[in-house]
Amino acid sequence: RRQWLQTAVSLAAAAMPLRGRAAAGTTIRLSHVVAQDTPKGMALERFRTLVEERTAQRIRVQIFPQGRLYGDQDEMQALQLGAIDMVAPSLSKFGPIGFPEFELFDLPFLFNSVTDVRHITQGPVGQRLLNGLSRQRLLGLGYFDNGFKHMSANHALLEPAHFAGLRMRVQSSRVIAQQMRALGAWPITLPFSETRRALETGVVDGTENPVSNFYTQGMQAVQSDLSLTEHGYLGYAVVAHQRFWLGLPAADRTLVQDALREALAFGNDIADAHNDKALAALHVTGAVRIHTPTAAQRLRFKAAVMPVHADLARRIGQPWLDAVREALP
Ligand code: LMR
């Protein structure tokens, strides 16, 4: 608690001059944890271009990628304190800050495609989830995709037997941790920025992510095998604090919201191609062995992890899961 207070004090001190700048309507500061050359990095860069073009740079967007300013553990706190104006965390990172219902998106084998995901994010369930963020005076400005996750380690991970005893790095989602336990592995929660190093030093044996994140972090140098399991979805939400948002003139809010909507649609359009490009690059460099599960292996994988759905229903209430299943085609 003492450490938290110290962090809070230093974040608040850092926030003060920045609030002044934001209030002048000049700069929107946006922090995220992945590389620029990823679906998320590109979507947010498009947002910057659109806002700056449309306001002739009256509003600037300053992007801090790769967790350079704030990482998984402190970006939400920084947002609460006004040290940063917008963040775009993965939907898997909302649980620990009081929104476990976002872990719906982490349920393995829930979605068959991003088109399926759209039935949730663009419908009433997605809106209800974003509305819930107001419990902490946060504002969810929109969802966007990365894609489907795959497993990596130093051997193929195609069915539960292959996971026995492995330490697998996970995001801060209880659903993902339970998924790893259901496969026989030990989940270790680590910030994204520490993952490559943890793999390199053997602190963890493997991890999961879409290929674009794997490739742009250079995980192929520290993992010998990538298994194309497509077992779960990874997406994001752009979040601002209400204080920042309401501090913008109404016309600017509309402009920013429109630019963001277009940028997130652009991100969704390029996400698949970006992941495919990263996979093609991995094939070309030959840096990692790439495996695809057989239909039978996929069935065994799925059977092992499905109990995780009931565990989440117990935590957040069955009606959430019913609403999701109803919305899916
Ligand atoms: C992670 O594994 O932490 C990532 O999914 C990061 C991200 O935002 O894509």
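When you look at E208, is it under 25 Å from V114 (Cβ atoms), of a type in the set (D, E) and away from the ligand (no atom under 16 Å from the Cβ), yes or no?
No: the conditions fail for E208.
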Considering each residue of region 90-103, count those that are within 16 Å of the ligand (Cβ to nearest atom) and in a helix (DSSP H, G or I), and give that number. 5
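For (1) among the aromatic types (F, W, Y); (2) within 15 Å of the chain's Cα centre (by Cα), each residue gets a yes or a no:
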| site | (1), (2) |
| --- | --- |
| I59 | no, no |
| F64 | yes, no |
| P89 | no, yes |
| V114 | no, yes |
| Q122 | no, no |
| V125 | no, no |
| G132 | no, no |
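Residues checked against (1) surrounded by fewer than 20 Cβ atoms within 10 Å (Cβ to Cβ); (2) at pLDDT below 95; (3) closer than 12 Å to G235 by Cα:
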| site | (1), (2), (3) |
| --- | --- |
| Q73 | yes, yes, no |
| L81 | no, yes, no |
| R128 | yes, no, no |
| N146 | no, no, yes |
Residues that are within 24 Å of the chain's Cα centre (by Cα) and surrounded by 21 or more Cβ atoms within 10 Å (Cβ to Cβ): does region 292-302 have at least one? yes
When region 46-75 is checked residue by residue, the ones that are within 15 Å of the ligand (Cβ to nearest atom) and either part of a loop (DSSP other than H, G, I, E, B) or touching a residue at least 40 places away in the same chain (Cβ under 8 Å) (or both) are P65, Q66, G67, R68, L69, Y70, G71, D72, Q73, D74, E75
Please verify whether A43 is at pLDDT below 90 and of a type in the set (G, A, S), treating the condition exactly as stated. no
Which condition does I290 not pass, out of (1) more than 14 Å from the ligand (Cβ to nearest atom); (2) part of a helix (DSSP H, G or I), if it passes all the others? (2)
Count - residues of region 108-125 that are under 30 Å from R300 (Cα atoms) and either assigned to a loop (DSSP other than H, G, I, E, B) or in contact with a strand residue (DSSP E or B) (Cβ under 7 Å, 6 or more places away or on another chain) (or both): 9
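The values are calculated or read from the model by the stated rules, or taken from the named source; none is laboratory data. Because the structure is a prediction, the values reported are computed rather than measured. Neighbour counts run over all protein chains shown; Cβ positions are idealised from the backbone, glycine included.
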